[in-house]
Amino acid sequence: MSGDMFLGALVDAGVPPTLLENAVASLGVGARLETSRVVRSGISATKVDVWVDGEKDLPREEYWAKQDATQRSSASPPEHKHDHPHEHEHHDHSHNNEHDHDHQHHRDAHNHGRGLTEIRQIITKASISATAKHTAFAIFEALGEAEAKIHNTSIERVHFHEVGAVDAIVDIVCAAVGSEALAVDEIVCSPLNVGGGTVQCAHGSFPVPAPATVELLKNAPVYSSGLQKELVTPTGAAIVKTLARRFAAFPEMQIERSGYGAGSRDFPGHPNVVRLTIGESASTLASKTASDTVTVLGANLDDLNPQVFGYVMDRLFEEGALDAFGIPVQMKKNRPGALLTVLCKPEDANKLTQLIFTETTTLGVRRRNEARQTLARRWENVRTEWGEVRIKIASMNGTVTNYAPEYEDCRRIAAEHRVPLKTVMQEAARKYLSQDEKK
């Protein structure tokens, strides 16, 4: 997991490359993106490279190896060998020149970085949404806090390649813009394979995972497959820490699409890719609605006095039926009849079955249990000129999806005041809407 690999996965999963390219252009830092198709250990993936001032960004161990090679080639060879093991104590000038050159190298490297204040200013001016800016700030702050803790300094004094270089700014801002474009409810991350071995950083060679990566992945599940390479970078860890709602194994879901983002290197037998899978969680519907089990009772009635049917319906509701209805059907021998269906709580099924046997002419009652999803429901009262009417309100995730005046209240008012029933119902609905708009 690294910044550029995440961008590749976003593009491969359907985020328009132009969206990220426009975000990079608006940063005004002399960078651009290059998107290509590559194969990593047999897996076709999207590779996103960051170009800065005409040079392609390198993996950081390659970057620092290149810097070290440049330093060695530019260093002046010593005029003579120091045969005496302590002779350098008497040649302070020569020793200090070499020492100063080494520190100048690090100072130059740090000068390529930026502090968080300058980074915030760059992002603030970018033509991206406020939400994406907030996410980018959060990723940078997570990374900066980790580096500050490791180096025993304040977050505002952090000036490292991993934090301030242009490629990190591009990776993090595009991660924020691209993740927003996914329009998902949450991001879940699997346990991370951090790799092994050592990695070259600005301050020398460090064990993998790098100190900043370890700090960022506290409380996250990690492991190493044995590959002696850095597989999670600090920037990648900061993106995960900020964007992932939780860490878990592959969640139960209905997959809609997926994408693969490639790293720069190709490891034999180990696809160097990040996979992004998008879909509908199996629990999404359940999380938006309540779930319970109902018992469904059914009986065919072909020789029941129609006057009794209405009485049976009333008795069923009195005894706790959740719902009951009849459907006209054509029975055997072409006799007209009715299909009686009753929904009830499982604990009421025996009682209602007994009632059906007692009050109707059926010889059998079918029974089955079914899962049911229900919206949250509540009641509110509205006052009309003729009296109060209850309004039944259904909602999902706090958003009202349906509302209806209570029929019995409206029926009673219509009868008492000699007002058309439809007028009472319309006025109750109007009162509710006007009352809701004031909230």
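The values are calculated or read from the model by the stated rules, or taken from the named source; none is laboratory data. Quick caveat: nothing in here was measured; it's all calculated off a predicted structure. Heads up, the Cβs are rebuilt from the backbone with ideal geometry, glycines too, and the neighbour counts pull from every protein chain shown. In case anyone asks, the SASA skips ligands and DNA or RNA and just uses the protein heavy atoms, side chains included. Shrake-Rupley method; radii C 1.70, N 1.55, O 1.52, S 1.80 Å.
Can you name the residue in region 416-427 that is of a type outside the set (S, T, N, Q) and part of a helix (DSSP H, G or I) and, of all such residues, is most open to solvent (accessible area, probe 1.4 Å)?
My answer is 422.
Count, please, the residues in region 114-129 that happen to be open to solvent by 50 Å² or more (accessible area, probe 1.4 Å), under 24 Å from residue 19 (Cα atoms) and assigned to a helix (DSSP H, G or I).
5
Rundown of residues vs (1) polar (S, T, N, Q); (2) buried (at least 18 other Cβ atoms within 10 Å of the Cβ); (3) at pLDDT below 75, yes/no style:
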residue	(1), (2), (3)
41	yes, no, no
72	no, no, yes
79	no, no, yes
92	no, no, yes
97	yes, no, yes
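I'd like the full set of residues that are surrounded by 17 or more Cβ atoms within 10 Å (Cβ to Cβ) and of a type in the set (Val, Ile, Thr), limited to region 330-345.
342
This table checks each residue for (1) open to solvent by less than 90 Å² (accessible area, probe 1.4 Å); (2) of a type outside the set (A, V, I, L, M); (3) part of a strand (DSSP E or B).
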{"residue": "347", "(1), (2), (3)": "no, yes, no"}
{"residue": "353", "(1), (2), (3)": "yes, yes, no"}
{"residue": "361", "(1), (2), (3)": "yes, yes, no"}
{"residue": "378", "(1), (2), (3)": "no, yes, yes"}
{"residue": "382", "(1), (2), (3)": "yes, no, yes"}
{"residue": "394", "(1), (2), (3)": "yes, no, yes"}
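For region 1-30, give me the residue count where each residue is open to solvent by less than 40 Å² (accessible area, probe 1.4 Å) and either within 13 Å of residue 126 (Cα to Cα) or basic (Lys, Arg) (or both).
6
Take the residues of region 400-415 that are open to solvent by 60 Å² or more (accessible area, probe 1.4 Å), outside any strand (DSSP E or B) and not charged (D, E, K, R): which is modelled with the highest pLDDT?
In this case the residue turns out to be 415.
Could you tell me which residue of region 43-52 is farthest from residue 268 (Cα to Cα), considering only residues that are open to solvent by 30 Å² or more (accessible area, probe 1.4 Å) and in contact (Cβ under 8 Å) with a residue 24 or more places away in the chain?
Only one residue fits best here, namely 52.
Residue pairs, Cβ under 6 Å, 6 or more apart or interchain, first in region 173-194 and more than 23 Å from residue 249 (Cα to Cα), second open to solvent by 20 Å² or more (accessible area, probe 1.4 Å) and assigned to a strand (DSSP E or B). List them.
Once the first residue is more than 23 Å from residue 249 (Cα to Cα) and sits in region 173-194, no partner that is open to solvent by 20 Å² or more (accessible area, probe 1.4 Å) and assigned to a strand (DSSP E or B) comes close enough.
Take the residues of region 363-376 that are of a type in the set (Gly, Ala, Ser) and under 17 Å from residue 291 (Cα atoms): which is least open to solvent (accessible area, probe 1.4 Å)?
The qualifying residue least open to solvent (accessible area, probe 1.4 Å) is 376.
Considering only region 230-282, state which residues are within 19 Å of residue 57 (Cα to Cα) and of a type in the set (Ser, Thr, Tyr).
Selection gives 233, 235, 264.
Inside region 130-172, can you point out the residues that are open to solvent by less than 60 Å² (accessible area, probe 1.4 Å), of a type outside the set (S, T, N, Q) and at pLDDT below 85?
Selection gives 155, 158, 160, 161, 162, 163, 164, 165.
Sort out which residues of region 23-44 are farther than 23 Å from residue 170 by Cα and not in a loop (DSSP other than H, G, I, E, B), and write them in order of number.
39, 40, 43, 44, listed by residue number.
Inside region 176-264, counting only strands (runs of 3 or more DSSP E) that do not spill past its ends, which hold 1 or more residues that are modelled with pLDDT of 95 or more and open to solvent by 50 Å² or more (accessible area, probe 1.4 Å)?
By residue number, 253-262.
Looking only at region 331-381, count how many residues are polar (S, T, N, Q), modelled with pLDDT under 90 and under 14 Å from residue 303 (Cβ atoms).
Adding up the residues that qualify gives 1.
Table: residues versus (1) under 30 Å from residue 394 (Cβ atoms); (2) among the acidic types (Asp, Glu); (3) touching a Phe, Trp or Tyr at 6+ places or on another chain (Cβ under 6 Å).
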{"position": "290", "(1), (2), (3)": "yes, no, no"}
{"position": "293", "(1), (2), (3)": "yes, no, no"}
{"position": "304", "(1), (2), (3)": "no, no, no"}
{"position": "308", "(1), (2), (3)": "no, no, no"}
{"position": "314", "(1), (2), (3)": "yes, yes, no"}
{"position": "318", "(1), (2), (3)": "yes, yes, no"}
{"position": "327", "(1), (2), (3)": "yes, no, no"}
{"position": "332", "(1), (2), (3)": "no, no, no"}
{"position": "335", "(1), (2), (3)": "no, no, no"}
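Output the residue which, of all residues in region 292-329 that are over 48 Å from the mean Cα position of the chain (by Cα) and touching a residue at least 60 places away in the same chain (Cβ under 8 Å), is most open to solvent (accessible area, probe 1.4 Å).
My answer is 300.
Please tell me if residue 435 is surrounded by fewer than 13 Cβ atoms within 10 Å (Cβ to Cβ) and out of contact with any Ser or Thr (no Cβ under 9 Å at 6 or more places or on another chain).
no
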